[in-house]
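Please read the structure below before turning to the comments.
The values are calculated or read from the model by the stated rules, or taken from the named source; none is laboratory data. The structure displayed is predicted, hence computed values, not measured ones. Reconstructed Cβ throughout: ideal geometry from the backbone, glycine too, with neighbour counts over all protein chains shown.
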Ligand SMILES: Cc1cc2nc3c(=O)[nH]c(=O)nc-3n(C[C@H](O)[C@H](O)[C@H](O)COP(=O)(O)O)c2cc1C
């Protein structure tokens, strides 16, 4: 399948693995890229330019296919060394950067000068248009279903994607709730040039996370995610667990008086405990509603091959429907 996204990123299939905190290490990115998609290392998980540089080197040892690096811009008291991270991305010869969170304008000139393609992930049409205006090459349109930060507009992909298609000139991929060939064909039907998956890629053999995380995703249904931090306008979709229910109780009790410090125990620094140690009640961790569609732990190659086979079968079936409906 050839789309504007496969051409732009030099990949075989229009499938991207979104940056994921404590998941997007070299092992994850290389497995997705080797399977013909675009794998992405999560820059802020590595944290420092030195560590990111060695993760990029490690990934290059594991794949000769293109892969990307995610740079997430979050409000922070001690901001990461973004110029340093950009520098090692450029020196490492990375061809694609996925930006997310706040406006990525500060890093665009350096990335563009180095010939790096930038895909910005956003949760609304207005932010997508802004990304287009400031010179991003593509956007990843992240619907309300998504794992992680869905923004505050709550527009699901059945509305958001066609709205993006109506407004944007640059190519975009769908993101949020994507799991299989059905997701891919539906995304293409709504104007996307490919799809981005997060949660689905965690439940794969190569994902470098504790088995408990993979099992939790397989066991979860579409009813098992919750939205936290809405009162702070930093909404995050997470898998429910004891810590999340405790957090929601605090949100209810404190109402508009809630401050970040009130929920530090449930949200700060919990990812290594969950993703690495498999302590599933340690805190809130991002997970999409798509968990309800995830029932197995394939390799990335099996997942991507199966997705493309399903997509081709659906397209052939639709094509046959159309032929059958043509009068003799
Ligand atoms: C565990 C987890 C961690 C994530 N961390 C990040 C992150 O650090 N930066 C980012 O831009 N997106 C992050 N995301 C969002 C994904 O890149 C992707 O946009 C999202 O998962 C898509 O929705 P889906 O899970 O329904 O596929 C995370 C998602 C998950 C599930």
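Any residue in region 152-160 that is more than 24 Å from residue 24 (Cα to Cα), touching a helix residue (DSSP H, G or I) at 6+ places or on another chain (Cβ under 7 Å), more than 13 Å from the ligand (Cβ to nearest atom) and at pLDDT 95 or above?
No: region 152-160 contains no residue that is more than 24 Å from residue 24 (Cα to Cα), touching a helix residue (DSSP H, G or I) at 6+ places or on another chain (Cβ under 7 Å), more than 13 Å from the ligand (Cβ to nearest atom) and at pLDDT 95 or above.
Please verify whether region 61-73 includes one or more residues that are in a helix (DSSP H, G or I) and over 23 Å from residue 106 (Cβ atoms).
Looking for residues that are in a helix (DSSP H, G or I) and over 23 Å from residue 106 (Cβ atoms), one finds at least one in region 61-73, hence yes.
Confirm whether residue 136 is part of a loop (DSSP other than H, G, I, E, B), near the ligand (Cβ under 9 Å from one of its atoms) and farther than 23 Å from residue 312 by Cβ.
Answer is no for this residue.
Kindly evaluate residue 29 against the criterion of being within 15 Å of the ligand (Cβ to nearest atom), part of a helix (DSSP H, G or I) and in contact with a strand residue (DSSP E or B) (Cβ under 9 Å, 6 or more places away or on another chain).
yes
Suppose we filter region 290-306 for residues that are more than 13 Å from the ligand (Cβ to nearest atom) and either in the same structural domain as residue 218 (by TED's automatic domain parsing) or buried (at least 24 other Cβ atoms within 10 Å of the Cβ) (or both); how many remain?
2
Taking region 32-49, which residues are buried (at least 22 other Cβ atoms within 10 Å of the Cβ) and more than 16 Å from the ligand (Cβ to nearest atom)?
Answer for region 32-49, where residues must be buried (at least 22 other Cβ atoms within 10 Å of the Cβ) and more than 16 Å from the ligand (Cβ to nearest atom): just 35.
What are the residues in region 235-289 that are without any contact (Cβ under 8 Å) to a residue 40 or more places away in the chain and either in the same structural domain as residue 155 (by TED's automatic domain parsing) or surrounded by 22 or more Cβ atoms within 10 Å (Cβ to Cβ) (or both), if any?
247, 263, 266
Could you tell me which numbered condition residue 282 fails, if it satisfies all but one of (1) part of a loop (DSSP other than H, G, I, E, B); (2) within 19 Å of the chain's Cα centre (by Cα)?
Result: residue 282 passes all but (2).
Collect the residues in region 84-108 that are under 22 Å from residue 60 (Cα atoms) and either outside any loop (DSSP other than H, G, I, E, B) or in the same structural domain as residue 234 (by TED's automatic domain parsing) (or both), keeping them in residue-number order. Spell out how you get there, then give the answer.
Taking region 84-108 as the starting set, the residues that turn out to be under 22 Å from residue 60 (Cα atoms) are 84-99.
Answer for region 84-108, where residues must be under 22 Å from residue 60 (Cα atoms) and either outside any loop (DSSP other than H, G, I, E, B) or in the same structural domain as residue 234 (by TED's automatic domain parsing) (or both): 84, 85, 86, 87, 88, 89, 90, 91, 96, 97, 98, 99.
Which ranges mark the strands (runs of 3 or more DSSP E) fully within region 195-260 that have 3 or more residues being within 13 Å of the ligand (Cβ to nearest atom) and closer than 23 Å to residue 143 by Cα?
Numbers: elements: 195-197, 225-228, 236-239.
Ranges flagged: 195-197, 236-239.
Out of curiosity, is residue 71 under 21 Å from residue 140 (Cα atoms) and within 16 Å of the ligand (Cβ to nearest atom)?
Taking the combined requirement at face value, the residue satisfies it.
Step by step: first the residues of region 1-24, then only those that are surrounded by fewer than 24 Cβ atoms within 10 Å (Cβ to Cβ) and within 12 Å of the ligand (Cβ to nearest atom), then the one that is farthest from residue 98 (Cα to Cα). Which residue is that?
Taking the candidates together, the pick is 22.
Can you tell which of 192, 179 is within 9 Å of the ligand (Cβ to nearest atom) and in the same structural domain as residue 156 (by TED's automatic domain parsing)?
On the way: 192 fails: within 9 Å of the ligand (Cβ to nearest atom).
Of the residues listed, the single one that is within 9 Å of the ligand (Cβ to nearest atom) and in the same structural domain as residue 156 (by TED's automatic domain parsing) is 179.
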